[in-house]
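The values are calculated or read from the model by the stated rules, or taken from the named source; none is laboratory data. The shown structure was predicted, so the numbers you read here are calculated from the model rather than taken from an experiment. Note that each Cβ is placed from the backbone with ideal geometry, even for glycine, and that neighbours are counted across all protein chains shown.
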Amino acid sequence: MLEATGVAAGYGRKRIVHGVDLAVGKGEIVLVLGHNGAGKTTLMRTLFGLLPAAEGTIRYEGRDIAGRRPAENVADGIAFIPQGHGIFRTLSVRDNLDLGAFVEPDKSLLPERLDTVFRMFPILKERASQIGGTLSGGQQQMLAIGMALMHAPRLVILDEPSIGLAPNLVDKVMEAIAYINRTMGTTILMVEQNVKYSLPIASRVAVLKTGRKIYDGPPDPLHDRVELMKLF
Amino acid sequence: MDLVLQLLVNGVINGSHYALLGIGFGIIFGPTRITHFAYGPIFAVGAYGCWASVAWLGLPVPAAALAGVLAAAGVGALSYLWLYRPFERRGSSHLVVLIASLGLFITLENLIGIVFGTDTKVVPGLSPDIFLWGPVVVTSIQLWQVAALAGIALALFAFLRRSRHGKALMAMTDNGEMAQIIGIDTVRVSLTAFAVGSAVAAVPAILILLKEGATPHMGFIAVFMAFVAVIVGGIGSFRGAIIGGYAVGIVENIGMWKLPTEWQSTIAFVVLFLILLFKPSGLFGRRVR
Ligand SMILES: Nc1ncnc2c1ncn2[C@@H]1O[C@H](COP(=O)(O)OP(=O)(O)OP(=O)(O)O)[C@@H](O)[C@H]1O
Ligand SMILES: [Mg+2]
């Protein structure tokens, strides 16, 4: 589905990601781990087109997408949920969800999608007219996921969806991601530090260290704490 | 008492003018976060576009006004495409963009002076009606200033709430990166903002032309007052820019009750200063990230 080879990226002249290969198969949940500052966010932003790739190729469903603008990638079925506040803080929940479908040309599909989002996160329906920035952290993350679903993406890239959430909420968010993957067949590429909750739903794991990939394989060996620690 | 009433009415009239300036400036600043000082001379382009269409092409005033609005919108859009966009692409700092904007301010102002001369241009054969309402005197142009604000504010409100471009503009004002993430073409939104904001600025400029004439330097006080209205009202708030404009207009005119007229623009500055000191987010400001 997504195939990156030799991707290098950074800010200005400073290289952060050095020649990373990353493949995400259709229907997979691929987890990206790595220490703080390893370049996980930089890599995700590059794959999505928010940052230019200095080197390497990025293919999505067989098409070369390196150098495409985010707007084109969104229209082509990729959603990105950034680290932190992936919502419009001054707009209402409902406006946020509507904006999530900004690129959808067929607006007649939206009521049904809105329904799906509200069924998955009933709290968003209750709070539909509340201003996004006044939601709790967990609710904001649900809203961010809901916005992404509003344009029915085939690939969702998430950057640390559990950051700053209480453990029981982390569990809920991971459950929602697994549910989306299972029931909608959406492919997931996710950065997540909280291995306790994210490893169980992952089909494959890549580990980054100072901008290079040092592990790529099944999640099972990483359940062992010692193995995991070795990689960091 | 009669004097205070007249000053209050003048305050509302000037307030409408400032509010319009603020809306135009804010619609550009909100999504782009560009401190667009060249908004001043582009305001003047609106007035001179109208004047030239009357004096050189012989168009009737309403058609000439439309020409002025289009001229300002065009120059505004080009200033984004040719000046700000290249800096944006390079990821230049706010300071660099600010200096570029000042450069454009000076260039445009001089250009206007070279093309039109530095004397005051008035639209010939225009005599506004004067109305006496009890002790209060107003002119038809002053009424137009108030009506223009009301009409434009309503139209823009509908544009921002209903149209696709308007919603994209609101989204980008909230968070530019998120706007990109949901697939909004932020370059197009910025271009729209520059065109619409400049068109809005042309309207008060044309009314000033009709009221007291145009000079190449007329843009300076315009961008200053626009800036004050936006800061006082709160960055990123449409309602704030309007209320900020009225607040400054009314305070300024009521100030005339006890102070000589030379103090008028100083009052605006004092209001700005106090707001920056005690309520930096403005009266209606949304906290900036
Ligand atoms: N906008 C930026 N400009 C310059 N350097 C940056 C920028 N953003 C990130 N960096 C640097 O790039 C490096 C990698 O950052 P990145 O955000 O990709 O790491 P990360 O793996 O996502 O970390 P975390 O787990 O803390 O989110 C860091 O050293 C950081 O300081
Ligand atoms: Mg990160």
Restricted to the range A:107-119, and to residues that are over 19 Å from A:Leu143 (Cβ atoms) and away from chain B (no Cβ under 14 Å), which residue is surrounded by the fewest Cβ atoms within 10 Å (Cβ to Cβ)? A:Ser108
Condition broken by B:Pro135, with the remaining ones in (1) touching a residue at least 60 places away in the same chain (Cβ under 8 Å); (2) within 14 Å of chain A (Cβ to nearest Cβ); (3) farther than 24 Å from B:Ala44 by Cα satisfied: (2)
Taking the stated definitions as given, is B:Leu66 touching a residue at least 12 places away in the same chain (Cβ under 8 Å) and surrounded by 15 or more Cβ atoms within 10 Å (Cβ to Cβ)? no
Does A:Ala79 fit the bill of being on the phi < 0 side of the Ramachandran plot, away from ligand 1 (no atom under 16 Å from the Cβ) and touching a His at 6+ places or on another chain (Cβ under 8 Å)? yes
In the range A:136-152, what count of residues is obtained for those that are part of a loop (DSSP other than H, G, I, E, B) and surrounded by fewer than 21 Cβ atoms within 10 Å (Cβ to Cβ)? 2
Which ranges mark the strands (runs of 3 or more DSSP E) fully within the range A:1-86 that have 1 or more residues being within 12 Å of chain B (Cβ to nearest Cβ), within 14 Å of ligand 2 (Cβ to nearest atom) and out of contact with any strand residue (DSSP E or B) (no Cβ under 6 Å at 6 or more places or on another chain)? A:2-11
So in the range A:199-232, with the set limited to residues that are modelled with pLDDT under 90 and of a type in the set (Gly, Ala, Ser), which one is farthest from A:Ile16 (Cα to Cα)? A:Gly217
Any idea how many residues of the range A:120-135 are within 12 Å of chain B (Cβ to nearest Cβ) and either surrounded by fewer than 22 Cβ atoms within 10 Å (Cβ to Cβ) or within 16 Å of ligand 1 (Cβ to nearest atom) (or both)? 3
If we keep just the residues of the range B:79-137 that are of a type in the set (Val, Ile, Thr) and assigned to a loop (DSSP other than H, G, I, E, B), which is farthest from B:Ile221 (Cα to Cα)? B:Val123
Tally the residues that are touching a residue at least 60 places away in the same chain (Cβ under 8 Å) and within 11 Å of chain A (Cβ to nearest Cβ), restricting the search to the range B:180-218. 3
Say whether the condition of being at pLDDT below 95 and of a type in the set (A, V, I, L, M, F, W, C) is met by at least one residue in the range A:76-84. no
